[in-house]
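The structure appears right after this line, and notes come after that.
The values are calculated or read from the model by the stated rules, or taken from the named source; none is laboratory data. Keep in mind that this is a model prediction, so the values were computed, not measured. Heads up, the Cβs are rebuilt from the backbone with ideal geometry, glycines too, and the neighbour counts pull from every protein chain shown. Remember, those area values only see protein heavy atoms, side chains included, never the ligands or the DNA or RNA. Shrake-Rupley method; radii C 1.70, N 1.55, O 1.52, S 1.80 Å.
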Amino acid sequence: MRLENLYLWYLGDPAEPRYVGELRLISTGKGVSLRYGDAWRENGFALSEDLPLVDIEYLPPSRLNADTQRAVGAVDDARPDRWGEKVIRFVDKPRRLSLMEYLYYAGDDRFGALGVSTSSEIYTPRYGGPLPRLEQAQQLSEVVAKIEASEPLSEIETRIIAGGGSPLGGAKPKALIGINGEQWVIKFFNNEPVDSPLIEHATMTLAKCANIKVAETQVISLAGENAIAVRRFDRRGKFRVHSISAGTAIRAATAEGEEPEMGYPELARILRRIGDTTDETNQKDAFELFRRMVFNILVDNTDDHEKNHALLVPNPFANERLQLAPAYDVLPTNSGQGYQEFSCGKDGRDSTLENAMSQCEAFGLTPPQAALEVAAVIKVVNNWQAHFATLGVSIGDIESLAERIDGEELLSQRTAFDPTRYQMAPPKRKKANPFRRS
């Protein structure tokens, strides 16, 4: 199948799909455009800030690197990432590997509430088969290992992976799986030197102790190894929640022709500007994003790139307001590289608390307020070894992680941080006017 055009649909209620508009592979083959349909322009919502309801063909921004394929705005979040693309190449074997093919073969259960169809009249996605069940987790793990090793699959194995193998982003092996009637993402051990699935569960639950909302996780025991299942936050029962990545939100807020600054302060400004104002949720989200940044620095989670933060649009037809999605993919990378993937402050991506504090005003925090947030996160992280041990992380793995988390670069920051340094000086008392009569 050679695809030049596809049709975008909104699946907030999958039982009542709504046509959004036409997708077209642009002539250079480097991206996908969108033109809203008439009905959607009249009664729909802007999928992202850079896609207002106007009758034009939206093209991928001109600032794209020459080697980058990207769809416009929020449509880009409907594509699979590296693992999903690998599954598509291995299982579906499309004749052409354009972004349009990847969008189509990702199937129906992709991130958020958008879907693609070969028809503008009826939603006809590429059907991937039934969702694998929890009792098939071991088989699913073996299928994933075969794909990683480029070994052929049996017909049964192909059906298993077809049901949940490619819709979601990320580079590591993962799949969708059904647990108690809900969709979860299961992530497998990938020959890392430590038990990454168990460590991710431990780190996510530690983050929760730091007053950070996290996606629900559970450890799945397989033959000789663990996997981690992460409950989908873009689903509400049978309904789907329109969602965009942090990268999409930041690009949408960046003027045409300018390079976006991918970072926590930029994302915080967006949340404060167009976040959900109900009960000051936008401000609370900005505060939480600050805590996430500090937590990621202190646990050596340097894989905090633009796709590892997401925003939800719970009521898009009402107000298009954004909410910070629960944290996910939070675990020590154990690299000690000394910089984050997301910018933190005036010193760019440097993994320091000083850098995190440098632009605290972007999060709506005064220096004293931000310092108290940092101190609270430090208190939680100081207990990380006991927390990990309680959840069954081995002594060897804890010792390995401690080389970074409790190494000189990070431990010295925890021990040396002094919140009183950031206390505001008391206002100066005005001098008495010597010419004023008492």
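Observations, loosely collected:
- Restricting segment 265-278 to residues that are farther than 28 Å from GLY338 by Cβ and either under 15 Å from the mean Cα position of the chain (by Cα) or not aliphatic (A, V, I, L, M) (or both), the residue that is most open to solvent (accessible area, probe 1.4 Å) is ARG273.
- Residue satisfying all of: in segment 190-199; touching a residue at least 40 places away in the same chain (Cβ under 8 Å) and open to solvent by 10 Å² or more (accessible area, probe 1.4 Å); farthest from THR390 (Cα to Cα) among these: ASN190
- Filtered by the rule that a residue be within 20 Å of ASN301 (Cα to Cα) and open to solvent by 50 Å² or more (accessible area, probe 1.4 Å), segment 337-371 gives GLN337, TYR339, GLU341, LYS346, ASP347, ARG349, ASP350, GLU354.
- On inspection, ARG236 does not qualify as touching a Gly at 6+ places or on another chain (Cβ under 9 Å), closer than 30 Å to ALA71 by Cβ and not aliphatic (A, V, I, L, M).
- Hey, ALA376 surrounded by 13 or more Cβ atoms within 10 Å (Cβ to Cβ) and hydrophobic (A, V, I, L, M, F, W, C) or not: yes
- Flag for PHE342 being more than 26 Å from GLN218 (Cβ to Cβ), at pLDDT below 95 and either under 25 Å from the mean Cα position of the chain (by Cα) or aromatic (Phe, Trp, Tyr) (or both): no
- In segment 11-18, the count of residues that are out of contact with any Leu (no Cβ under 8 Å at 6 or more places or on another chain), more than 26 Å from GLY275 (Cβ to Cβ), among the acidic types (Asp, Glu) and outside any loop (DSSP other than H, G, I, E, B) is zero.
- The numbered conditions (1) assigned to a loop (DSSP other than H, G, I, E, B); (2) more than 30 Å from VAL374 (Cα to Cα); (3) modelled with pLDDT of 95 or more are all true for ALA227 except (1).
- Wholly within segment 79-179, helices (runs of 4 or more DSSP H) carrying at least 3 residues that are open to solvent by less than 50 Å² (accessible area, probe 1.4 Å) and under 24 Å from SER33 (Cβ atoms): 99-105
- Considering only residues in segment 222-263 that are surrounded by fewer than 19 Cβ atoms within 10 Å (Cβ to Cβ) and among the aliphatic types (A, V, I, L, M), the one that is farthest from PHE45 (Cα to Cα) turns out to be ALA223.
- Of all residues in segment 279-303 being of a type in the set (S, T, N, Q) and in contact with a Lys or Arg (Cβ under 8 Å, 6 or more places away or on another chain), the one that is most open to solvent (accessible area, probe 1.4 Å): GLN283
- Every residue from segment 304-316 that is under 20 Å from PRO265 (Cβ atoms), buried (at least 20 other Cβ atoms within 10 Å of the Cβ) and not polar (S, T, N, Q): ASP304, HIS309, ALA310, LEU311
- Looking only at segment 379-419, and only at residues there that are in contact (Cβ under 8 Å) with a residue 12 or more places away in the chain and of a type in the set (Ser, Thr, Tyr), the one that is surrounded by the most Cβ atoms within 10 Å (Cβ to Cβ): SER400
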